[in-house]
């Protein structure tokens with residue numbers, strides 16, 4: 001009978017939030033900032049002290065003051081309340097696009113990476129999709145239907161899916177030749193179980209990182225679309241809309257552009273920081289270094 | 001070396017694994033339209049058989065095709081030609097779906113303990129997966145069986161919940177062995193299972209493999225480049241060079257009376273922990289191992305062989321039984337020929 | 001003074017440490033040895049014993065973000081290396097002390113021809129014009145027995161086989177006539193027949209150029225056939241040192257004995273037809289280097305260990321004829337069968 005060999009090599013390490021934050025400042029900062037913005041978005045009705053849709057021409061173009069923290073726009077609408085509600089639109093668009101494109105991209109990426117026959121056809125289609133700029137697609141879709149949040153999300157998702165597919169596919173291709181996959185096949189694991197249990201978990205880390213970039217990108221695209229008038233309907237407060245409408249009066253009322261612009265920049269920054277931090281942390285080569 | 005384990009070769013019966021004329025070519029694509037421009041003849045007509053409880057060692061240097069044979073026999077790669085008969089069933093032409101039930105009978109252990117385990121699954125799940133795959137047990141019963149397997153290979157059962165990176169290289173190799181053993185296979189293909197391990201750990205794993213073979217009458221196809229390890233664990237050894245078997249015989253004969261010039265070269269080149277051997281070293285074969293995409297014509301070894309004659313450049317010598325149980329593929333080693341050293345040709 | 005005593009390299013109480021997530025790893029924990037001019041010294045041990053880190057420490061190649069030489073002295077021709085400035089170290093590396101590594105493919109730049117890489121080194125350290133450097137590169141390729149050297153100068157690493165690339169590495173390392181060549185597992189990644197060629201080459205070159213070699217390996221066979229003196233390392237410490245014949249004839253440290261017994265042997269004719277004797281295992285695992293080890297590092301796995309071994313670290317004792325060993329129970333070990 002073989003003697004029992006000694007204990008395991010590594011003792012389990014206890015998880016401490018304080019240490020985790022210290023070691024990953026980028027993730028912590030990005031996550032906190034994003035969380036704050038999400039809270040603002042969710043509780044917008046409570047945070048905004050006035051109705052963002054209410055028009056009061058008598059109060060138009062007032063500078064920031066105690067009554068209107070961020071001033072008013074040319075219709076007398078309170079910029080603070082509109083900006084706060086605008087967070088909802090950007091975050092909904094960003095997160096929805098990230099979610100849908102990841103879901104579709106993951107599925108397609110797994111299939112492409114694993115089944116060579118599927119790969120050839122689908123990747124060519126992906127190349128085609130990537131060539132379509134979201135802006136033109138959004139405009140085309142809007143002329144077919146009417147402007148809405150759903151259309152905007154769809155228009156941004158379609159060109160973003162190929163990006164995710166590429167990332168997932170690359171991971172699948174590199175994993176496919178790993179000995180543990182062959183070991184699983186030799187041990188009788190069939191394709192479905194192989195993909196779901198062995199391949200998929202390894203794609204999640206790069207997928208999450210990529211989807212944060214998609215989220216940031218989507219928010220910027222939405223702002224651009226709204227700015228051009230091809231995004232959400234004009235009365236819905238979206239940072240892009242607010243900036244678009246404030247454009248004409250920029251010289252006398254810069255706050256109508258600057259404030260939503262700054263919010264947009266901060267949100268995108270938060271998401272990018274989160275993505276960068278996660279990418280560094282999840283990279284297996286860097287993960288165990290101090 | 002202390003105790004000796006059970007000795008003799010097992011009583012001859014039908015071989016549990018039989019390979020005839022196995023060929024595997026990998027196409028090379030090139031040019032604008034990616035047409036096939038050539039082929040890497042990784043395995044070029046290989047035949048052997050392994051009996052229950054026996055270890056056949058497959059030894060050779062890089063590019064000789066030994067790993068490819070391992071993967072082809074496991075049907076992880078489809079053979080280009082030839083027959084593979086596993087426990088009486090011809091599996092050579094079976095498609096993946098049809099092959100699946102036969103996988104129970106042939107399992108594998110890989111070389112690299114670090115990449116042969118899924119880093120995201122607990123060890124117990126990895127080891128128990130074949131049991132669940134073949135429906136041999138589920139849930140609690142699988143856990144029990146896995147616990148027993150852990151003990152059998154010398155690991156604590158409570159390690160089942162740990163992840164691969166928490167084990168050392170030697171322990172991971174034990175996990176691989178436990179997994180291979182879980183479904184009671186007839187054959188285990190071990191591809192360089194100890195090459196990446198430290199010497200002291202290597203000894204533990206080799207001893208374990210020998211014990212298990214005797215207990216379960218497993219047949220091993222043991223692939224390695226290390227002659228010393230081969231000597232220790234094999235019953236019979238096949239020496240490979242560029243896709244062909246050049247010599248096949250019992251372990252004892254191979255080391256006491258090697259016939260093929262390449263075997264001689266390998267034995268001479270191998271280092272041994274004995275400083276006195278420095279002076280006794282015979283001629284070291286020169287030249288590099290040719291590429292399997294473009295092997296020399298005739299006998300593949302003729303470019304480096306000190307005994308090559310004119311015919312060697314043209315005729316590919318077949319593997320023939322020149323003495324009982326001793327097969328050699330060399331034009332200068334005919335049946336019943338003199339087993340003594342060859343003379344260097346002019 | 002080291003130059004007068006014939007020692008080209010003197011390492012004293014070297015301690016190299018790394019900061020990791022699990023704590024401070026004492027990779028090298030007080031190692032001392034000498035290298036005489038023209039001598040071939042083998043440093044042997046299993047993975048994690050600190051042999052590669054020792055070599056990297058000599059050339060100050062330890063990445064400063066994670067590790068450092070915590071203590072000790074390294075004298076090369078009388079000059080203290082641990083305190084030498086980085087510029088002076090750069091002049092030394094590749095010139096007076098050279099190193100070759102295990103994986104020639106990753107040690108050679110894939111986008112430069114081999115001739116360029118060797119010539120570059122020569123220009124840098126010897127300051128000669130390019131043409132002369134290329135001539136020298138050609139000479140070096142000849143020296144390492146690469147056929148058709150002039151043509152090979154213009155080839156890229158991927159066009160060469162593993163054995164050839166290692167020869168190119170050796171050529172590059174010797175191009176500026178170093179006094180010391182450190183070879184870290186130079187043949188581990190090579191096929192057996194190629195390994196034999198490379199080892200033979202290294203011995204020949206040693207005769208020709210008089211370079212001292214530090215050969216680091218885990219392979220006792222390589223050590224036996226190539227080196228003159230051997231240092232055995234375990235868990236960052238030196239446990240035994242001896243001339244090579246003495247080490248193999250009568251290893252004194254239990255770890256050295258354990259290693260030798262655990263190796264499957266090619267040369268022993270003892271076993272009769274078909275028998276498969278058990279290899280002598282060394283039970284247990286290498287200790288974690290994140291905790292300081294109070295006694296002998298090998299004690300938990302040692303068949304001769306006593307209570308003293310667990311608490312007191314044995315010093316290196318000279319037992320005669322250049323053979324030193326760190327073991328409290330040397331006499332008992334000696335008396336027992338090998």
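The values are calculated or read from the model by the stated rules, or taken from the named source; none is laboratory data. Keep in mind that this is a model prediction, so the values were computed, not measured. Don't worry about glycine lacking a Cβ; one is built from the backbone with ideal geometry, like all the others, and counts go over all protein chains shown.
Sort through A:90, A:50 and tell me the only one that's over 30 Å from residue B:166 (Cβ atoms) and buried (at least 21 other Cβ atoms within 10 Å of the Cβ). Answer to the selection: A:90.
Taken together, C:21, C:59, C:35 contain a single residue that is free of Cβ contacts under 8 Å to residues at least 24 places away in the same chain and either within 14 Å of chain B (Cβ to nearest Cβ) or under 15 Å from the mean Cα position of the chain (by Cα) (or both), which is C:21. Taking the criterion of being surrounded by 17 or more Cβ atoms within 10 Å (Cβ to Cβ), away from chain B (no Cβ under 12 Å), in contact (Cβ under 8 Å) with a residue 60 or more places away in the chain and over 21 Å from residue B:273 (Cβ atoms), would at least one residue in region C:295-305 satisfy it? Looking through region C:295-305, at least one residue is surrounded by 17 or more Cβ atoms within 10 Å (Cβ to Cβ), away from chain B (no Cβ under 12 Å), in contact (Cβ under 8 Å) with a residue 60 or more places away in the chain and over 21 Å from residue B:273 (Cβ atoms). Figure legend. Inter-residue proximity from region A:185-197: first residues more than 8 Å from chain B (Cβ to nearest Cβ), second residues surrounded by fewer than 18 Cβ atoms within 10 Å (Cβ to Cβ) and part of a helix (DSSP H, G or I), beta-carbon distance below 8 Å, spacing 6+ or different chains. No pairs are indicated.
I'd like to check something: does region A:170-177 contain any residue that is modelled with pLDDT of 85 or more and crowded, with 20+ Cβ neighbours inside 10 Å?
Within region A:170-177, one or more residues are modelled with pLDDT of 85 or more and crowded, with 20+ Cβ neighbours inside 10 Å.
Region C:136-228 holds helices (runs of 4 or more DSSP H) entirely within its bounds, and those carrying 1 or more residues that are under 24 Å from residue C:7 (Cβ atoms) and away from every other protein chain (no Cβ under 12 Å) map to C:162-174, C:192-209.
Per-residue answers, yes or no, for (1) surrounded by fewer than 21 Cβ atoms within 10 Å (Cβ to Cβ); (2) touching a helix residue (DSSP H, G or I) at 6+ places or on another chain (Cβ under 8 Å):
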position	(1), (2)
C:16	no, yes
C:28	no, yes
C:41	no, no
C:54	no, no
C:58	no, no
C:62	yes, yes
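Tell me the strands (runs of 3 or more DSSP E) entirely within region B:32-147 that contain at least 3 residues that are away from every other protein chain (no Cβ under 14 Å), in contact with a strand residue (DSSP E or B) (Cβ under 9 Å, 6 or more places away or on another chain) and buried (at least 22 other Cβ atoms within 10 Å of the Cβ).
Result: B:35-50.
Yes or no: region B:156-172 includes at least one residue that is more than 24 Å from residue A:176 (Cβ to Cβ), in contact with a strand residue (DSSP E or B) (Cβ under 9 Å, 6 or more places away or on another chain) and buried (at least 18 other Cβ atoms within 10 Å of the Cβ). Yes, region B:156-172 contains a residue that is more than 24 Å from residue A:176 (Cβ to Cβ), in contact with a strand residue (DSSP E or B) (Cβ under 9 Å, 6 or more places away or on another chain) and buried (at least 18 other Cβ atoms within 10 Å of the Cβ). Examine region B:174-188 for a residue that is within 14 Å of chain C (Cβ to nearest Cβ) and either on the phi > 0 side of the Ramachandran plot or surrounded by 20 or more Cβ atoms within 10 Å (Cβ to Cβ) (or both), and state whether such a residue exists. Yes - at least one qualifying residue is present in region B:174-188. Residues that are farther than 22 Å from residue C:246 by Cα and assigned to a loop (DSSP other than H, G, I, E, B) within region C:304-338 comprise C:305, C:306, C:312, C:313, listed in sequence order.
Is it the case that some residue within region B:251-264 is out of contact with any helix residue (DSSP H, G or I) (no Cβ under 7 Å at 6 or more places or on another chain), facing another protein chain (nearest Cβ under 7 Å), assigned to a loop (DSSP other than H, G, I, E, B) and touching a residue at least 12 places away in the same chain (Cβ under 8 Å)?
Scanning region B:251-264 turns up no residue that is out of contact with any helix residue (DSSP H, G or I) (no Cβ under 7 Å at 6 or more places or on another chain), facing another protein chain (nearest Cβ under 7 Å), assigned to a loop (DSSP other than H, G, I, E, B) and touching a residue at least 12 places away in the same chain (Cβ under 8 Å).
Determine whether region B:268-291 contains at least one residue that is under 28 Å from residue B:189 (Cβ atoms), more than 7 Å from chain C (Cβ to nearest Cβ), modelled with pLDDT under 95 and in contact with a strand residue (DSSP E or B) (Cβ under 6 Å, 6 or more places away or on another chain). No: region B:268-291 contains no residue that is under 28 Å from residue B:189 (Cβ atoms), more than 7 Å from chain C (Cβ to nearest Cβ), modelled with pLDDT under 95 and in contact with a strand residue (DSSP E or B) (Cβ under 6 Å, 6 or more places away or on another chain).
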